[in-house]
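Here is the structure we will look at.
The values are calculated or read from the model by the stated rules, or taken from the named source; none is laboratory data. Values in this document were obtained by computation on a predicted structure and should not be read as measured data. Every residue, glycine as well, gets a Cβ built from its backbone with ideal geometry; the counts of neighbours run over all protein chains shown. Side chains included, ligands, DNA and RNA excluded: accessible areas come from the protein's heavy atoms. Shrake-Rupley method; radii C 1.70, N 1.55, O 1.52, S 1.80 Å.
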Amino acid sequence: MLVKLLREGLGRIIAGISVMTQGNAMKRTEEDQALVNKAGESLSLYQFQSCPFCVKVRRQIHKLNVPIELRDAKNNAQFRNELAENGGRIKVPCLRIQENNDVQWMYESNDINAYLQQRFG
Ligand SMILES: N[C@@H](CCC(=O)N[C@@H](CS)C(=O)NCC(=O)O)C(=O)O
């Protein structure tokens with residue numbers, strides 16, 4: 001219980017410091033940003049607010065300036081169930097990628113960041 005509380009507290013501090021130090025988002029022309037915004041509509045990130053691996057991915061999302069919906073899989077039962085049932089396990093971060101009728105669930109922060117970099121960097 002105490003360990004859990006400490007971990008949660010530390011996670012929140014890391015998340016707060018991360019937001020304060022995340023720097024500038026990538027700048028694009030209006031047309032290019034509109035395309036990125038559109039692409040972002042087909043992505044969503046299942047995450048916990050205070051998970052350090054999620055912090056890493058949120059920094060990447062901010063840096064690349066891609067609007068991706070963040071889905072709280074800790075406190076929101078619907079998102080948690082979606083992740084468990086469709087992704088296959090409750091592990092975060094997990095990026096849901098919708099392409100036409102295909103949905104891919106990508107786990108592992110390094111893989112997610114590499115995917116985002118390759119697509120939007
Ligand atoms: N190697 C993974 C580690 C992710 C990870 O350990 N996430 C934790 C939260 S910080 C988690 O989802 N734990 C739940 C579980 O493993 O069941 C990554 O880099 O994404």
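Six or more apart or on different chains, Cβ atoms under 9 Å: show the pairs whose first residue is in region 91-115 and at negative phi and part of a strand (DSSP E or B) and whose second is open to solvent by 90 Å² or more (accessible area, probe 1.4 Å) and near the ligand (Cβ under 8 Å from one of its atoms).
Short answer, once both residue conditions are applied: Cys94/Glu108; Tyr107/Arg89; Tyr107/Lys91.
Could you check region 107-120 and list, in sequence order, the residues that are open to solvent by 30 Å² or more (accessible area, probe 1.4 Å) and either away from the ligand (no atom under 13 Å from the Cβ) or aliphatic (A, V, I, L, M) (or both)?
Listed by number, the residues that qualify are Ala114, Gln117, Gln118, Arg119.
What number of residues within region 65-82 satisfy the criterion of being in a loop (DSSP other than H, G, I, E, B) and under 14 Å from Gln49 (Cβ atoms)?
4
Here's a check for you: in region 45-59, which residue that is surrounded by fewer than 19 Cβ atoms within 10 Å (Cβ to Cβ) and closer than 19 Å to Asn110 by Cβ is nearest to the ligand (Cβ to nearest atom)?
The qualifying residue nearest to the ligand (Cβ to nearest atom) is Phe53.
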